[in-house]
Amino acid sequence: MPAHSRIASALRSLFRKRRLDEDLDEELRSYLDLLTEEKVRAGVDPRRARREALYELGGVEQVKEKVRERRLGASLDTLLQDVRYAFRTLRKNIGFTVVAVLILAIGIGANTTLFTSAHAVLLRGVPFPESHRLVAGLKTIGGGISGPVSRVDYYDYREFSDSYEQLAALADFTVQHTVMGGGAPELVQAAYVTWNLFPALGVSPVVGRGFTSADETDGGAGLALISYGYWQSRFGGARDAVGSTLNLDGSLLTVIGVMPRDFLFLYEADVWRLVDRTGPFDGSRGSHSHFVVGRLKPGVSIEQAQGEADGISASLAQQYPESNSTKGLLLMEMRSFMAYGIKTSMLLLLATTALILLIACGNVAGLMLARGERRLSEMAMRSALGASRSRLLRQLVTESVVLTGAAGLLGIGIAYSLQDSLLPLLPSGELGTEQPSINMAALAFTLAISIATGLIVGIVPALRGTALKPAQQLRSGNHASESLRSGRLRSGLVVLQVALSVALLIGSALMVRSFAQLSRVELGFSTENLLTGQLQIQAADYPTPEQRSLFYSSLLEEVEALPGVESATLINKLPIMSPWQDWSIWRAELPPPTAENDFSAMARWVPPGYFQTMGMQLLAGRDIAATDVPGSPYVIVVSERVARTLFEDADPVGRQVRIGWSDRSFEVIGVVRDARVNTLRGEPDAAAYMASAQIGATRMQIAVRSSGDPMLLVGPIEGLLRRKDPNVLFAYPRAMSSIIDSRLSSFRIVILSLSLFSVLALALTAIGLYGILAYHVSQRTNEIGVRLAMGASNGDMLGMVLRKGLALVGIGLVLGVAAAYPGTLLVRQLLFETQPIDLAAYMVAVVFLGVVATLACLLPAWRATRVDVVDVLRIE
């Protein structure tokens, strides 16, 4: 049977079964009817004309497709028509448009800026191949995160694990080394890694080779990788740098490779050296100073790897109960590890900007409700002329989306213009996170929230504006009741804005109070007129502890002889400037502590007079003396916390203690007041101060107390060192006050950001409150005029408007205070010596918002007293 006949037969069957009316909608049947009529007029039999029309169009499905295409084209035409009408309408109301766009642009711009920073810190993967397979490991004690792991434990995890392609480690610190030869000495930062760290990260040198497993046991201590920047500055980018020798503090290292230009992981390092697996440093399971980095095998989940690590931890706890009974290894995704410590601050600021956008939406929704009241007659007339409610809704929502689209473009402009100045101030992590910038992800986010905002601010006014039937609206008697219902909705939006604003202000006040407490915290030492810096002598020039001690003591004498110097001292790690290095300490007559009862103190070595120069009070015993030298009994001065923990109420002076790294006993000769050694937060640190002459360090930090500006001493000290020994480096001179200030900077950034956003929220709330009261006055102008004509005073009118505004503020304040408490519990960990319920912070926030709100109410209230009674009565 020919194809034509088969199609005709199928169509006849289709018509016989009356399926055409089921398959084709009304519009499609009308289309076929027109085509059939044309054929009938041309003389075709009516029954045949129908079949031919359908056949010419290609069958039911193709006809449907053509109708769908036609409908899509019509929909696009309608959408373009709606957009053009929206632009015309917004241009006619330019004042409303400008105010609404500016309000929304503030909220959208703030969210774009915060999203950009959050995307770089919390969302974007680390810049290494297949970064989803990278994990980091931290030690846990009793289930809680406790920082780096033991080097010895790491090697056990590496040997017995089967979940990783590579399981690597790197020290949680960098070491300053002096490079000799090739000109003046220079300081470099060296990071210590296992051979497989770079294979684990998926990074290879651009010149030369990387470390291998053979290097770990075959002379690895004499090899080094260098950064791209150091390759350029030291070797001028020459390829023959590979194979050359670096003299680091007298140790000769062979350069075997150069890392890529943009490589950064955790620390800015000039040189990478291999961890010495058999070296004495960090050789016990009780010493923890390495991060673990692993690349999971394909198909292995982090949960599977964690289960394996838990099994190994349990095995180590059985084998080494004295050190590992409560220890474990916690695995986390690499991005979470690199953002650890700032996640709470970032989420807090994100939530704050989201609330700002919500307040802005409430403001604009209130404006659109007021504007919708004035357009009710327009909507009724269009409806009476045949426009459906869905058509009117679409038009109104299109207007709001166009409005928020313009606000989104302006918000992007605001965020982009501020990215160089604002983004670096936002929390971005300290562990190698890339500097955030406005990118495609941020633009896509802005587009999404602009559309969402348009729907949020447009849908309710659109529903309200199209709710009444045309006949109802066109009758004049119903307008008042509609205004009342709409007014209640706008009042509710203002109450919501006030509640959100006071909650933000309370959070900001708590953070400001915490910062004030932190700024006034008792350090345990004096920062006034104190210059600090790093000193580095060459071990080859001073090979014995006696020679080093002699050099440092003579240097202090010469520095103290400089004009303007009151005193000078040395220490291996200055407080706050160089934190940590905690070592176990216990009474010598007791066995070494287990992991459960281990107590650590910050290990420091100092010369005579350190406590006097630093302004630290000696509470008992004596200071370290010039007679505490190599060969004499080892001595130690402990802080109050150490004395209290080890000896309780007994006198510690004259007692013996042991320190984890040494097999010697130290005599406690004194007790010094507690000081904050590591951070400004938390309790003062336990510390143990040993005689520097008995240690013989080549690297020390200097502190010089001056009678004036301490930075004026930098030049004289550098000149003195050049004369004394040109190979001695004096680096990183800074005033101690600036060091303390820099430690407050991250907290200050969060506070400033939160305060700025809170002020924005308050300003938007004030605008919203002013707007609703101004509209309220304009709607009641006739009523106010009549009241004045009947004897009401200006004070009565002023009070009437103020009462309405302050009533809304009062309700919002109550709701905001109630909502603030659970919100502050979420940021408890950011607070310092401040409780989530702090009466002063709550009162400041409430009073401040109340004053601003009252000012926002005054202008509309004043306008109510300026109504011209004669004009009102003439209109009536």
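Tabulated results
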{"read-out": "Net charge dipole size for the stretch 145-225 [Lys, Arg +1 and Asp, Glu -1 on Cβ; Debye, nearest 20]", "value": "260 debye"}
{"read-out": "Gain upon complete extension [residue 165, residue 581; 0.36 nm per residue less C-alpha separation]", "value": "146.6 nm"}
{"read-out": "Most to least packed among 722-729, 267-274, 663-670 [average Cβ atoms within 10 Å]", "value": "267-274, 663-670, 722-729"}
{"read-out": "Point-to-point label distance, residue 818-residue 37, nm (Cα→Cβ direction, 7 Å offset)", "value": "6.6 nm"}
{"read-out": "Label-to-label distance, nm, for residues given as residue 217 and residue 859 (7 Å Cα→Cβ offset)", "value": "8.0 nm"}
{"read-out": "Peptides 84-95, 518-529, 693-704 ordered by average Cβ neighbours within 10 Å, highest first", "value": "693-704, 518-529, 84-95"}
{"read-out": "Sorted peptide list for 532-542, 831-841, criterion being average Cβ within 10 angstrom, highest first", "value": "532-542, 831-841"}
{"read-out": "q = 0.09, 0.12, 0.19, 0.22 Å⁻¹: log10 I(q)/I(0) that the Debye formula gives for the stretch 141-275, counting C-alpha atoms only", "value": "-0.28, -0.49, -1.13, -1.46"}
{"read-out": "Convex hull (Cα only) mean projected area of the stretch 545-677, reported in nm² to one decimal", "value": "8.9 nm²"}
{"read-out": "Heavy-atom accessible surface of the stretch 169-235: percent carbon and sulfur, 1.4 Å", "value": "54 percent"}
{"read-out": "Spin-label model distance (nm) - residue 516 vs residue 550, 7 Å beyond Cα toward Cβ", "value": "5.7 nm"}
{"read-out": "3J(HN,Hα) from dihedral phi, the stretch 599-609, Karplus parametrisation 6.51/-1.76/1.60, rounded to Hz, x for glycine, proline", "value": "10, 10, 10, 6, 7, 9, 10, 9, x, x, x"}
{"read-out": "Compactness of the stretch 644-759, expressed as Rg and Dmax over alpha-carbon positions, Å", "value": "20.4, 60"}
{"read-out": "Cα centre as origin, Lys/Arg/Asp/Glu Cβ charges: the stretch 654-741 dipole, Debye", "value": "160 debye"}
{"read-out": "Protein accessible area in the stretch 236-334, 1.4 Å probe - carbon and sulfur %", "value": "50 percent"}
{"read-out": "1.4 Å probe accessible area per residue over the stretch 194-247, in Å²", "value": "42 Å²"}
{"read-out": "Per residue accessible area in Å² of the stretch 490-620, where ligands, DNA and RNA are left out and the probe is 1.4 Å", "value": "39 Å²"}
{"read-out": "Cα extents of the stretch 268-332 along the three principal axes, largest first (Å)", "value": "35, 35, 18"}
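The values are calculated or read from the model by the stated rules, or taken from the named source; none is laboratory data. As the structure is a computational prediction, the values presented were derived from the model and not from experiment. Virtual Cβ from ideal backbone geometry, glycine too; neighbours counted across all protein chains shown. Please note that ligands, DNA and RNA were not included when accessible areas were found on the heavy atoms of the full protein model with its side chains. Shrake-Rupley method; radii C 1.70, N 1.55, O 1.52, S 1.80 Å.
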